Amino acid sequence: MTQLGLPEEILACLFDLDGVVTKTAVVHAAAWKETFDAFLREREGGSFRPFDAVADYDEYVDGRPRADGVRTFLASRDIHLPEGTPDDPPDAPTVHGVGNRKNDLLLEKIRSGGVEAYDSTLRYIEAARAQGLRTAIVSSSANCRDVLRAIDAEDLFDVRVDGVVAAERELPGKPRPDTFLAAAHDLGVEARQAAVFEDALAGMDAGRAGNFGYVVGVDRAGQAEALYAHGADRVVGDLAELGGKE
């Protein structure tokens, strides 16, 4: 293993955004809860079963493209909405309408509370680049670029494959490996030469399905066992545990 805690054959690092680079996973979870609870309350009245911002978030929406998160969670409640279109208003009773409601709430929360980075992750990325490894950000978020700019980290990545790029290229999101594979391709490496860094179970599934050289699970929510079960080669609470210190 290298000083970065990676196999010698690894030439590139592919990082998820929310929960790995930035502390926005909790903001996403809060926006999803507010969105789904309002939707369920309108549909079912006061006896509705609320969205669980831990269990439901981890199982059905974390790491997935926004529309997939809406479909997957609502299907778990046996609710199936018409797709609608990406420009549906946030009060439309469609998959895209619910997703747009969540995105509006997320942007409000980000603007009001700012975006924080995990400094240890930024130091690890800097160390990886100093040792000649190429880096990519791989996120289902359509707001990825704005978030990176907010934390002054856009220049830390050679490649960005986010929700915008995925839509342009018609790439399916996590748990499919296509966005990670696209990032590896854009960096000029094979999957076996790339390491995936993820905190979401869907991201672990994507790393395993893509046959990447190493998959690191970042446990921010006390789910180390589940991360291993979904394909992690190693689970850490913080990237500082891997090394890469100056």
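The values are calculated or read from the model by the stated rules, or taken from the named source; none is laboratory data. Keep in mind that this is a model prediction, so the values were computed, not measured. No Cβ is skipped: glycine too gets one built from the backbone with ideal geometry, and neighbour counts run over all protein chains shown. Note: areas computed on protein heavy atoms with side chains; ligands, DNA, RNA excluded. Shrake-Rupley method; radii C 1.70, N 1.55, O 1.52, S 1.80 Å.
Between residue 224 and residue 158, what is the label-to-label distance in nm when each label sits 7 Å out along the Cα-to-Cβ direction?
In this crude spin-label approximation the distance works out to 3.2 nm.
To the nearest 10 degrees, how steeply does helix 25-44 sit against the main Cα axis of the chain, on a 0 to 90 scale?
The angle comes out at about 20 degrees.
So how far, in whole Å, is the C-alpha centre of region 111-134 from the one of region 1-50?
Value for the Cα centre distance between the two parts: 18 Å.
Compute the acute angle (0 to 90°) between the alpha-carbon long axis of helix 178-187 and the principal axis of greatest extent of the alpha-carbon atoms of the chain; round to the nearest 10°.
It is inclined by approximately 30 degrees.
What FRET efficiency, computed as 1/(1 + (r/R0)^6) with R0 = 41 Å and r the Cβ-Cβ distance, is obtained for residue 192 and residue 79, rounded to the nearest 0.05? Present the calculation step by step, with values, prior to reporting the outcome.
On the way: r = 40 Å, r/R0 = 0.99.
Once rounded, the FRET efficiency stands at 0.50.
Count the DSSP beta bridges whose two residues both fall in the chain, then state the antiparallel fraction as a percent rounded to the nearest 5.
On the way: 1 of 20 bridges.
Of all bridge pairs located within the chain, approximately 5 percent are antiparallel.
Along its three principal axes, how long is region 23-105 when you only count alpha carbons? Whole Å, largest extent first please.
30, 29, 20
Count the lysine pairs in the chain whose Cα atoms sit under 30 Å apart, keeping only pairs 8 or more residues apart in sequence or on different chains.
Value for the chain: 10.
For residue 47 and residue 3, FRET efficiency with R0 = 45 Å and r from the beta-carbon atoms, rounded to 0.05?
Values: r = 56 Å, r/R0 = 1.25.
Efficiency, rounded to the nearest 0.05: 0.20.
For region 65-166, what is the convex hull volume of the alpha-carbon atoms per residue, in Å³? Show your work: numbers first, answer last.
Details: hull volume 12.3 nm³, N = 102.
It is 121 Å³ per residue.
Quick one: work out Rg over Rh on the C-alpha atoms of region 125-246, Rh as Kirkwood radius.
Working: Rg = 13.8 Å, Rh = 14.7 Å.
Here the Rg-to-Rh quotient is 0.94.
Run the simple label-point estimate for residue 209 and residue 59 please: 7 Å along Cα→C-beta, distance reported in nm.
Going from the residue 209 label point to the residue 59 one covers 1.9 nm.
Return the single residue from 188, 217, 46 with maximal mean-square fluctuation; model: Gaussian network over the chain, springs between Cα atoms under 10 Å.
Looking only at 188, 217, 46, the largest GNM fluctuation is found for 46.
Summing -39500 (n - 2.57) over the DSSP H runs of n ≥ 4 in the chain and dividing by its residue number, what mean residue ellipticity at 222 nm do you reach, to the nearest 500 deg cm²/dmol?
On the way: 9 runs with 101 residues, N = 246.
Rounded to the nearest 500, it is -12500 deg cm²/dmol.
Collect residues whose amide H, placed 1.01 Å from N in the peptide plane, falls under 5 Å from the amide H of residue 162; neighbours closer than 5 in sequence don't count.
139
For the chain, what relative contact order do you get, as a whole percent, if you take Cα pairs closer than 8 Å and at least 6 residues apart? Don't skip to the answer; put the middle values down first.
Details: 448 pairs, mean separation 62.6, N = 246.
Result for the chain is 25 percent.
Pairing the Cα long axis of helix 66-76 with the longest principal axis of the chain, what angle in degrees results, from 0 to 90 and rounded to the nearest 10?
Roughly 60 degrees, rounded to the nearest 10.
Using the Kirkwood formula over every pair of different C-alpha atoms, what hydrodynamic radius in Å results for the chain? Provide the component values of the computation, followed by the final result.
Values: mean 1/r = 0.0550 Å⁻¹.
With all distinct Cα pairs of the chain included, I get 18.2 Å.
Could you report the chain's accessible area per residue, 1.4 Å probe, as an integer in Å²?
Working: 10980 Å² over 246 residues.
Result: 45 Å² per residue.
Skipping prolines and chain starts, which residues have an amide H placed within reach, meaning under 5 Å, of the one on residue 235, given they are 5 or more residues away or on another chain?
Residues meeting the criterion, in which the H sits 1.01 Å from N, are 217.
Would you mind calculating the gained length between residue 185 and residue 169 on full extension (0.36 nm times residue separation, minus the Cα-Cα distance), in nm to one decimal?
Values: separation 16, 0.36 × 16 = 5.76 nm, distance 1.33 nm.
Result: 4.4 nm gained on full extension.
Ignoring ligands, DNA and RNA, please state the percent of accessible area on the chain from carbon and sulfur, probe 1.4 Å.
Numbers: 5140 of 10980 Å².
After summing per-atom areas, the C and S share lands at 47 percent.
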